[in-house]
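Below: the structure, in structure tokens.
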Amino acid sequence: MKVTGIKELFKKHGALLSGHFLLSSGLHSDTYFQSALILQHPHEAERLAETLAEKVMREVPDVDVVVSPAIGGIVIGQEVAAQLGTRAIFAERADGKLVLRRGFHIEKGEKCLIVEDVITTGLSTKEVKEVVETSGGKTAAVCCLVDRSGGSIEFGVPKFSLLEIEAVNYKPEECPMCKEGGTPVKPGSRTKQQNGKQEQKQEQKQEQKQEQKQEQKQEQGESK
């Protein structure tokens, strides 16, 4: 059974978070997609993979191996590979660089599908692509559950996603939440209760801003 409405699915499982986040790219954002909260449910992971694999196969029917970056891409990569009937491997960091370990290998000329959970800057995807090509393989396509770039990032090969959204990201020195005294949290390093507290703080700040704007408008009206 395929899935539609991935954004609603993320919300259903509490995987679409609001707050002040430090992304793996080093950027800050007020929105975070925690795909692990969905992929922990095998039935949902299978449905997502089936939908994604179908999109890929329409244009790229011939794939030899699925390659994903650890750790976020491992589960969805395994599920997509199951749908395609290929093997699934992953690249992980060693001395700060993505490499193939654990006996994983890519044969010369093998057509590889890179599978991610979420793409933001595309840096890890490009690193995996480099791993594929230096190993002698060919990158056939890239796919992910969520493309936070709104589709703006390209890899020189076909790209597929279930959701394209142009999420707002900030460089640390330009982050308005930091300028207001906020501290970014690295997703996965806090509890659900802490997530709720931070979301509440964000809502309170927004309400305060709205109140201040209303007060300013009133003062301007009185001064006329």
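The values are calculated or read from the model by the stated rules, or taken from the named source; none is laboratory data. Just so we're clear, the structure is a prediction, and the values are computed from it rather than from any experiment. For neighbour counting, all protein chains shown are included, and Cβ atoms are generated from backbone atoms with ideal geometry for every residue, glycine included.
Some notes on this structure:
- Taking the listed residues G103, G72, G109, the one that is part of a loop (DSSP other than H, G, I, E, B), on the phi > 0 side of the Ramachandran plot and touching a strand residue (DSSP E or B) at 6+ places or on another chain (Cβ under 9 Å) is G109, with no other qualifying.
- Filter result for the condition that a residue is hydrophobic (A, V, I, L, M, F, W, C), at pLDDT 95 or above and over 18 Å from S161 (Cβ atoms), over L100, L113, L22, L27: L100
- Residue list for segment 81-131, restricted to those being of a type in the set (D, E, K, R) and touching a helix residue (DSSP H, G or I) at 6+ places or on another chain (Cβ under 7 Å): R87, E116, D117
- Residue within segment 160-178 that is in contact (Cβ under 8 Å) with a residue 40 or more places away in the chain, part of a helix (DSSP H, G or I), in contact with a strand residue (DSSP E or B) (Cβ under 6 Å, 6 or more places away or on another chain) and aliphatic (A, V, I, L, M) present: yes
- Within segment 52-94, tally of residues that are of a type in the set (A, V, I, L, M, F, W, C) and without any contact (Cβ under 8 Å) to a residue 60 or more places away in the chain: 15
- Residues within segment 6-46 that are over 30 Å from E174 (Cβ atoms), over 14 Å from the mean Cα position of the chain (by Cα) and either charged (D, E, K, R) or not in a loop (DSSP other than H, G, I, E, B) (or both), tallied: 8
- For E116, the test of being in contact with a Cys (Cβ under 6 Å, 6 or more places away or on another chain) and either of a type outside the set (A, V, I, L, M) or surrounded by fewer than 22 Cβ atoms within 10 Å (Cβ to Cβ) (or both) is passed.
- Residue tally, condition touching a Ser or Thr at 6+ places or on another chain (Cβ under 8 Å) and either exposed (fewer than 13 other Cβ atoms within 10 Å of the Cβ) or under 15 Å from A88 (Cβ atoms) (or both), over segment 131-141: 1
- When we screen A141, A49 for residues that are of a type in the set (G, A, S), outside any loop (DSSP other than H, G, I, E, B) and touching a residue at least 40 places away in the same chain (Cβ under 8 Å), the only hit is A141.
- Taking each residue of segment 5-20 that is of a type in the set (S, T, N, Q) and looking for partners that are part of a strand (DSSP E or B) with beta-carbon atoms closer than 7 Å, six or more apart or interchain, yields S18/D30; S18/T31.
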